[in-house]
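Encoded as structure tokens, the structure appears first; notes follow it.
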């Protein structure tokens, strides 16, 4: 019986050590989380990473009643985009409609390969990117693509509803 008692004491000691490590880890991680919260003050303002290529849109003349009363996020459509072959600098209109309560970030992705050809920085409502530099030129043909639109609140940068807009890149 003496050997059995010794084994039981060792097992109990190991279990107590494991419990102490688990409790210690929980306290450590909880304190780390609290310190992170302490470092974030409510006075810390959100600063968007705006795309310097974005400019005012022609439709943003300041008298748009529809833009003044948004009922959600408006997403533009892109049925097709025509671009020249073997060219990286192209013209297209990636617009964040005036009146939207959020910034847009655009990503142009080839649907078949999931390759990202372009990613913008944040675009303010009422502005658009019209000159885009692709990661590489494309050969002549038609390419199914998706324009992924991510959104961030104007107030605090929190994520809002985005969209994946299907399009066709027509390369001539």
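The values are calculated or read from the model by the stated rules, or taken from the named source; none is laboratory data. Just so you know, these numbers come straight off a predicted model, no measurement behind them. Cβ placement follows ideal geometry from the backbone for every residue including glycine, while neighbour counts extend to all protein chains displayed.
Restricting attention to segment 127-145, which residues are surrounded by fewer than 18 Cβ atoms within 10 Å (Cβ to Cβ) and over 16 Å from residue 50 (Cβ atoms)? Within segment 127-145, 133, 134, 135, 136, 137, 139, 140, 141, 142, 144 qualify. Based on what the data block shows, is residue 157 assigned by TED's automatic domain parsing to the domain that holds residue 79, in a loop (DSSP other than H, G, I, E, B) and under 14 Å from the mean Cα position of the chain (by Cα)? It is true that residue 157 is assigned by TED's automatic domain parsing to the domain that holds residue 79, in a loop (DSSP other than H, G, I, E, B) and under 14 Å from the mean Cα position of the chain (by Cα). The set of residues from segment 82-98 being in a strand (DSSP E or B) and closer than 28 Å to residue 71 by Cα comprises 92, 93, 94, 95, 96.
Here's a check for you: in segment 50-81, which residue that is outside any loop (DSSP other than H, G, I, E, B) and at pLDDT below 70 is surrounded by the fewest Cβ atoms within 10 Å (Cβ to Cβ)?
Let us first name the residues in segment 50-81 that are outside any loop (DSSP other than H, G, I, E, B), namely 50, 54-56, 65-68, 80-81.
Cutting the leftovers down to at pLDDT below 70 gives us 65-68.
On the way: 65: 7, 66: 12, 67: 18, 68: 10.
Checked segment 50-81; the qualifying residue surrounded by the fewest Cβ atoms within 10 Å (Cβ to Cβ) is 65.
Answer yes if at least one residue in segment 35-49 is within 28 Å of residue 156 (Cβ to Cβ), assigned to a strand (DSSP E or B), at pLDDT 75 or above and touching a strand residue (DSSP E or B) at 6+ places or on another chain (Cβ under 9 Å), and no otherwise. For segment 35-49, residues within 28 Å of residue 156 (Cβ to Cβ), assigned to a strand (DSSP E or B), at pLDDT 75 or above and touching a strand residue (DSSP E or B) at 6+ places or on another chain (Cβ under 9 Å): absent. Quick one: would you say residue 155 is surrounded by fewer than 15 Cβ atoms within 10 Å (Cβ to Cβ), over 20 Å from residue 91 (Cβ atoms) and either modelled with pLDDT under 95 or out of contact with any strand residue (DSSP E or B) (no Cβ under 9 Å at 6 or more places or on another chain) (or both)? So residue 155 passes the test.
Determine, yes or no, whether residue 139 is out of contact with any helix residue (DSSP H, G or I) (no Cβ under 6 Å at 6 or more places or on another chain), assigned by TED's automatic domain parsing to the domain that holds residue 82 and farther than 17 Å from residue 72 by Cα. Can you show your working first?
Numbers: out of contact with any helix residue (DSSP H, G or I) (no Cβ under 6 Å at 6 or more places or on another chain): yes; assigned by TED's automatic domain parsing to the domain that holds residue 82: yes; farther than 17 Å from residue 72 by Cα: yes.
Yes: the conditions hold for residue 139.
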